Amino acid sequence: AFAAVSVLNTGQGQFPTSSDWVRRLTTASLPMTWAPAHAVYDRPAKIEVHDADDPVTHMGPHLRDIGDSAQAELLLISPYFIPGEAGLALLGKLTERGVRVRVLTNSLASTDVPLVHFGYARYRVELLRKGIDLYELRPVEGMTVPHKTRMFARSGGLSLHAKAFVVDRRVAFVGSMNFDPRSEIHNTEMGVFIDSPQLAREVLRLMDLDKLQASYRLMLSPDGSLRWLAADDEGEVSFDYEPDASFATKFWLELLAPLAPEELL
């Protein structure tokens, strides 16, 4: 049985006890949806196996197989998204055969690990050129989170925390694995595949990407530069720079990020 998926992490380390979701969970009044599911996981022995494509020790190959099976639509949700050259090629092949690929990740303003954002930013232009739709979570005005460091202070309050994907509005995956090299190579992760159109539609509804209220949509301008589109009370707005990110974050990121190996991000 599956009840709900938490999409946003407030960074406070606990659920708000006044939330309706928590009240319904603790009183056993939360509606359940029954669906076939199976779990996948990394074996701890993966750290001794240098082949990330080994399906015995690594769950990554199982995720790629399901994602590659998409016929019409693939939605990826990952707080830390670094596709690498292999991921870039895989997603590009999907769009070449007519699959709509959408990716939701953190913006520089909402991420809690700016160095990882730099690893993702290297691929943004090429992802857009290959026809992948990119969305970045907007920070929520008026909410604050204790900054990890003053060096990388950020203006946002909420950070995307869910790791999931949805294939053809039918199969949903929810787990601990980010779509980045560190999760694939170094961490031991787990997750659940759920065969349920109802739950898959619910994940898509929660994301609500096309309304541009909770996220920026990235586009390429005619000269090939990045633009961020969003919506406010007056209509659609556009930025030609990382919106809502502090000057200090951008300065130190440009200075230090090139020194960070991608496989460790």
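Could you tell me whether any residue of region 52-62 is under 19 Å from ARG170 (Cα atoms) and at pLDDT 80 or above? Give the derivation first.
Of all residues in region 52-62, those under 19 Å from ARG170 (Cα atoms) come to 62.
Among the residues that remain, those that are also at pLDDT 80 or above are: 62.
So far as region 52-62 goes, yes, one or more of its residues are under 19 Å from ARG170 (Cα atoms) and at pLDDT 80 or above.
Give the number of residues within region 240-265 that are within 23 Å of the chain's Cα centre (by Cα) and either within 16 Å of SER107 (Cβ to Cβ) or open to solvent by less than 90 Å² (accessible area, probe 1.4 Å) (or both).
Within region 240-265, the subset within 23 Å of the chain's Cα centre (by Cα) is 240-246, 249-250, 253-254, 257-258, 260-265.
Those left that are additionally either within 16 Å of SER107 (Cβ to Cβ) or open to solvent by less than 90 Å² (accessible area, probe 1.4 Å) (or both): 240-246, 249-250, 253, 257-258, 260-262, 265.
Residues that pass the stated criteria total 16.
Can you tell me which residue in region 115-143 is modelled with the highest pLDDT, limited to those that are assigned to a loop (DSSP other than H, G, I, E, B) and loosely packed, with under 14 Cβ neighbours inside 10 Å? So that I can check it myself, show each step before the final result.
Going through region 115-143, the residues assigned to a loop (DSSP other than H, G, I, E, B) turn out to be 122-123, 130-132, 138-143.
Now drop any that are not loosely packed, with under 14 Cβ neighbours inside 10 Å, which leaves 141-143.
Numbers: GLU141: 59, GLY142: 46, MET143: 42.
Among those that are assigned to a loop (DSSP other than H, G, I, E, B) and loosely packed, with under 14 Cβ neighbours inside 10 Å, it is GLU141.
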Which of the residues spanning region 30-56 are free of Cβ contacts under 8 Å to residues at least 40 places away in the same chain and closer than 26 Å to ASP195 by Cβ? LEU30, PRO31, MET32, TRP34, ASP53, ASP54, PRO55, VAL56
The listed residue being more than 15 Å from the chain's Cα centre (by Cα) and part of a loop (DSSP other than H, G, I, E, B), out of ALA35, ALA86, ALA39: ALA35
Of everything in region 57-100, what is among the β-branched types (Val, Ile, Thr) and either touching a strand residue (DSSP E or B) at 6+ places or on another chain (Cβ under 8 Å) or without any contact (Cβ under 8 Å) to a residue 12 or more places away in the chain (or both)? Give them in sequence order. ILE66, ILE77, ILE82, THR95, VAL99
Taking the condition of being farther than 16 Å from GLY87 by Cβ and more than 9 Å from the chain's Cα centre (by Cα), how many residues in region 160-178 meet it? 9
Within region 219-233, is there a residue that is modelled with pLDDT of 85 or more, buried (at least 20 other Cβ atoms within 10 Å of the Cβ) and on the phi < 0 side of the Ramachandran plot? yes
Taking region 59-83 on its own, how many of its residues are open to solvent by less than 50 Å² (accessible area, probe 1.4 Å), in a loop (DSSP other than H, G, I, E, B), of a type outside the set (A, V, I, L, M, F, W, C) and over 17 Å from ASN178 (Cα atoms)? 0
Name the residue, out of VAL237, VAL167, VAL192, that is open to solvent by less than 60 Å² (accessible area, probe 1.4 Å), closer than 15 Å to LEU75 by Cα and modelled with pLDDT of 85 or more. VAL167
What is the residue count in region 35-58 for residues that are closer than 19 Å to SER176 by Cα and open to solvent by less than 30 Å² (accessible area, probe 1.4 Å)? 6
Pairs, please: C-beta under 9 Å, at least 6 apart or cross-chain, first residue over 20 Å from ASP208 (Cβ atoms) and among the β-branched types (Val, Ile, Thr) and in region 231-257, second outside any loop (DSSP other than H, G, I, E, B) and open to solvent by less than 40 Å² (accessible area, probe 1.4 Å)? THR249/PRO114
Any idea which of (1) over 15 Å from MET190 (Cβ atoms); (2) touching a Phe, Trp or Tyr at 6+ places or on another chain (Cβ under 9 Å) is the one ASP68 doesn't satisfy? (2)
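The values are calculated or read from the model by the stated rules, or taken from the named source; none is laboratory data. From a predicted model like this one, the values you see are computed outputs, not experimental measurements. Every residue, glycine as well, gets a Cβ built from its backbone with ideal geometry; the counts of neighbours run over all protein chains shown. Heads up: the accessible areas ignore ligands, DNA and RNA and are worked out on the full protein's heavy atoms, side chains in. Shrake-Rupley method; radii C 1.70, N 1.55, O 1.52, S 1.80 Å.
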